[in-house]
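Just below is one structure, and these are the notes that go with it.
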Amino acid sequence: MIMKTFLLLPFIAAAVRAAVVPAVDPALHVHSSSTAKPQGRNVTINGVLTYVSLPKNRKFDPTTAVLLLTDVFGLPSPDNLLLADEWAAAGFQASARFSRDTYAPDYLNGDAIPMDGDLNTWIVNHGEAQTTPPLLAVIDALKSRGIKQIATTGYCFGGLYTVRLVQNNTVTVGTVAHPSLLEVPSDFDLMKAQSHIPIEINNAELDTGFTPDVALQTDAVMADGQYPPGYLRKQFDGVAHGFAVRANASDPVQVAAKQGAFDTSLAWIKAHLK
Ligand SMILES: *[C@@H]1O[C@H](CO)[C@@H](O)[C@H](O)[C@H]1NC(C)=O
Ligand SMILES: *[C@@H]1O[C@H](CO)[C@@H](O)[C@H](O)[C@H]1NC(C)=O
Ligand SMILES: *[C@@H]1O[C@H](CO)[C@@H](O)[C@H](O)[C@H]1NC(C)=O
């Protein structure tokens, strides 16, 4: 009898504990083949280096901004800057009303991980204590400049912070792609308990972090009207972690998935901005 109880306990503990979605090793990300040149510029906002990309059409709404939270490769990765350019350009193409500035703050404190970097040593200096202050400094500055609506789009590491901003009702709408470091389902239970901000998730079939199984656990808390502010999740098959940021131009599945994730997030944001 004693023996039996002893054996069962670890299983019970595992069933109730929330699982942390692991950060994914640089080597396991989708790799880019892009050589395009970013069009925006770096500015310092409230002491934080921020890449800013403006719509080409000067007639944009100055009260709305897209806040792009990059993956662990941060601003040194041209793919992140090109993605910010894509957000700015989408405003121009989609409609004059959706012409917004896009801001990508360096919330990695000048210490983005190199493509061949070691995640385990890097992550020690990139907890919420180090990451949240520069992020909130930029948001505060944007709000004090008259920006009333902030659409946040976060990728991998930036997915965690997008979820935090949504949980805290700091932004207007959120989209995330292949998020890492979340606790599932508890982070979504918390969102449900305190947030009124809509959220959309793009996930990859081959992600080793936010796996299809974790995605289903998230749906179990959020889908089917359980989250009244709004929830959508879309899975992209045949692609791996990082697919919404980078694609190999020679791989049509990767190219289509990256575009599909972008279009899904854009439509979600447009539907939820006033
Ligand atoms: C992109 O895909 C092609 C064709 O599969 C491959 O030869 C090339 O090495 C890939 N490039 C990168 C950067 O992974
Ligand atoms: C912005 O800063 C990042 C990080 O230092 C750098 O890699 C990038 O080339 C800069 N971009 C521009 C347009 O100056
Ligand atoms: C969200 O709120 C929690 C609880 O107050 C706080 O610890 C955390 O730093 C906040 N995060 C962000 C990104 O605002």
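Annotations
- Relative packing of peptides 139-147, 186-194 - highest average C-beta neighbours within 10 Å first: 186-194, 139-147
- In the context of the full set of protein chains, residues of the chain present 45 Å² of accessible surface per residue (probe radius 1.4 Å, heavy atoms only).
- Of the DSSP H helices in the chain, those that are both long (alpha-carbon extent of 27 Å or more along the helix axis) and hydrophobic (Kyte-Doolittle mean at least -1.0) are 252-272.
- Take every pair of alpha-carbon atoms less than 8 Å apart whose residues are at least six positions apart; their mean separation over the length of the range 2-272 yields a relative contact order of 21 percent.
- Point-charge dipole on Cβ atoms (K/R +1, D/E -1) for the range 2-272, about Cα centre, debye to 20: 980 debye
- For the listed peptides 103-109, 77-83, a ranking on the average number of other beta carbons within 10 Å per residue, highest first, reads 103-109, 77-83.
- Share, in percent, of DSSP beta bridges within the chain that are antiparallel, nearest 5: 30 percent
- Filter on 148/234; 234/274; 148/274; 37/143 - keep pairs with C-alpha separation over 20 Å: 148/234; 234/274; 37/143
The values are calculated or read from the model by the stated rules, or taken from the named source; none is laboratory data. The model shown is predicted, which means the values in this text are computed figures rather than measured ones. With ideal geometry, Cβ positions are generated from the backbone for all residues, glycine too; neighbour counts draw on all protein chains shown. These area figures cover heavy atoms from the full protein model, side chains too; ligands, DNA and RNA do not enter into them. Shrake-Rupley method; radii C 1.70, N 1.55, O 1.52, S 1.80 Å.
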